[in-house]
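Report on the structure given below.
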Amino acid sequence: MTLGRTRAVGLRGIVGFLVDVEVDVASGLPLFSVGGCPDGACAQAPDRVKAAAANSGHPIPLRRVIVNLSPASIPKVGSGFDLAICVAALVASEAIPAQVVREVVHIGELGLDGTVRPIPGVLPLVLAAARKGVRHVVVPVANAAEARLVPGVQVHAVATLDELVTRYAALHQGLIPSPVPEPPPAPVVAAPSPDLAEVVGQHEARRALEVAAAGGHHLYLVGPPGGGKTMLAERLPGLLPELDDAQAMEVTAVASVLGRIGSQAALERRPPFVAPHHGASPVAVIGGGSSRVLPGAVTQAHHGVLFLDEAPEFHTSVIQALRQPIESGEVVVSRAAGRHRFPCRFQLVLAANPCPCGFGYGKGVRCRCSSIRLSRYQNRLRGPVLDRVDIQVFVPAPSKAALLGAVGESSAEVAARVVAARRRQGDRWAGTSWRLNGHVPGPMLRGGRFRLPYPVTSAVDTALDRSLLTMRGYDRCLRLAWTLCDLRGADRPDADDVGRALALRLPDEQVAA
């Protein structure tokens, strides 16, 4: 037999696709060629495969070896095809029985000594194989734990190429190979989350944080240095409920693509908290890359919180690039070789000082910023981006009375109310693609059975007529009103809910003007 076949999995974004690996060994001058749109690392596979096979005692014949990775029109990225190419080549040279590997997926990089080395992104690769009906997957030992997170797939961990060939030979002879003993899973101890009770005072900001957590709303915190903006943002994930199975699989898949899963893997149940430095580039925040397109901070914060501290210090292109992901929950990175889609359904939290020096609040006695410098600083967050942020709250400097006052509620107490409010939203939006009020489009809330009567919406109607609100801002006030209604356990918002929603949306001086 001169033709060998097996299977592998490629990766685009964080979604895998099944690849048929075909190897033909024919007479002719010695040649080892890989076709099917391989990138640089994949095109170098022949040298690794030949050395690994020879050093494992199973050399590939010095003949004309042609490899095809099908579908050939889709780019194949990375060294994870090494093991599948080698197995198919050994099948073509009759070193491995063809029938035992045809429907098996092989994932892994080969070392020159025949070791099977780990690669990033194994979790989404195995998940894609399982969705296509594959039931047996061979992976490196170091990737076995995360591969076993996918249900319905039997994972076979191998350390060397020779071990894999020996197992296939025994299986062909009707023998059951001795399983490799697996180390007992180490207990996963999660670091304790920061507690909201540690925040001094800030009753309005704490309430805004609870509303944001309950409805999945974006939040803008502005105030002088040391007021507690960062502390509040860091405690938002502790108010959110644990991720369900589907959400946890998506979040863990992103970590797998970035190579952040260790040997003791487990599904990430806690919402992620991502806080990039204000010097981060658009590629680092949105995603991208040259040879290999990787998810950025917005995707790493999927189903969690993206915190931009000192938001006006971020480059303007970074801030403006957030406009589309905030609305769609998805980011598309386009390259000449194709388009890569990454999920990014996150909660955005922005924090900023009132001015560059930080003291431009109240009467501004201590502020030394010129009017031009102040205008430039504030305009970096004006317009379309800030219009997409539901809640905008001023966080004042804490007073001595707040320092000596009673300790506020703990994260556990607030989280219990958040869970109850989200349960009501889940019942309301059952049967739709939305789960939270913050995700519901405006036309749904302005029409049909969810339309509120004029006496209830008079405050936001007046603000819209006076151009204090855009149409987008009007819709976001309605979303906030429904969340406030859920937090107090009512069926529908009343005028007080809409008024409080408007107060969370607009600064006090605009509402009173």
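The values are calculated or read from the model by the stated rules, or taken from the named source; none is laboratory data. Treat the numbers as computed from the prediction; the structure is a model and nothing was measured. All Cβ positions, even for glycine, are placed from backbone atoms using ideal geometry, and neighbour counts span all protein chains on display. Calculation scope for accessible area: heavy atoms of the full protein, side chains included, ligands and nucleic acids excluded. Shrake-Rupley method; radii C 1.70, N 1.55, O 1.52, S 1.80 Å.
Would you mind stating whether D113 is acidic (D, E), within 14 Å of T6 (Cα to Cα), open to solvent by 50 Å² or more (accessible area, probe 1.4 Å) and in contact (Cβ under 8 Å) with a residue 40 or more places away in the chain?
Values: acidic (D, E): yes; within 14 Å of T6 (Cα to Cα): no; open to solvent by 50 Å² or more (accessible area, probe 1.4 Å): yes; in contact (Cβ under 8 Å) with a residue 40 or more places away in the chain: yes.
It is false that D113 is acidic (D, E), within 14 Å of T6 (Cα to Cα), open to solvent by 50 Å² or more (accessible area, probe 1.4 Å) and in contact (Cβ under 8 Å) with a residue 40 or more places away in the chain.
The stretch 1-105 holds helices (runs of 4 or more DSSP H) entirely within its bounds, and those carrying 3 or more residues that are of a type outside the set (D, E) and touching a residue at least 40 places away in the same chain (Cβ under 8 Å) map to 45-55, 82-92.
The rows are residues; the columns are (1) in contact (Cβ under 8 Å) with a residue 60 or more places away in the chain; (2) in contact with a strand residue (DSSP E or B) (Cβ under 7 Å, 6 or more places away or on another chain); (3) open to solvent by less than 40 Å² (accessible area, probe 1.4 Å); (4) not basic (K, R).
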residue	(1), (2), (3), (4)
L125	yes, yes, yes, yes
A128	yes, yes, yes, yes
R131	no, no, no, no
R135	no, yes, no, no
A145	yes, no, yes, yes
V155	no, yes, yes, yes
T166	no, no, no, yes
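Checking S33, S56, S73, S79 one by one, the residue that is out of contact with any strand residue (DSSP E or B) (no Cβ under 8 Å at 6 or more places or on another chain) and either at pLDDT 95 or above or not aliphatic (A, V, I, L, M) (or both) is S73 and no other. Before we move on, is A416 open to solvent by 20 Å² or more (accessible area, probe 1.4 Å) and closer than 30 Å to P194 by Cα? So A416 fits the description; yes. Of all the numbered requirements in (1) among the basic types (K, R); (2) assigned to a helix (DSSP H, G or I); (3) farther than 30 Å from C355 by Cβ, R476 misses one, and that requirement is (3). Would you say L386 is closer than 26 Å to C357 by Cα, open to solvent by less than 30 Å² (accessible area, probe 1.4 Å), touching a residue at least 60 places away in the same chain (Cβ under 8 Å) and assigned to a helix (DSSP H, G or I)? Yes, satisfied.
Only a single criterion out of (1) more than 24 Å from V257 (Cα to Cα); (2) modelled with pLDDT of 95 or more is not satisfied by G304, namely (1).
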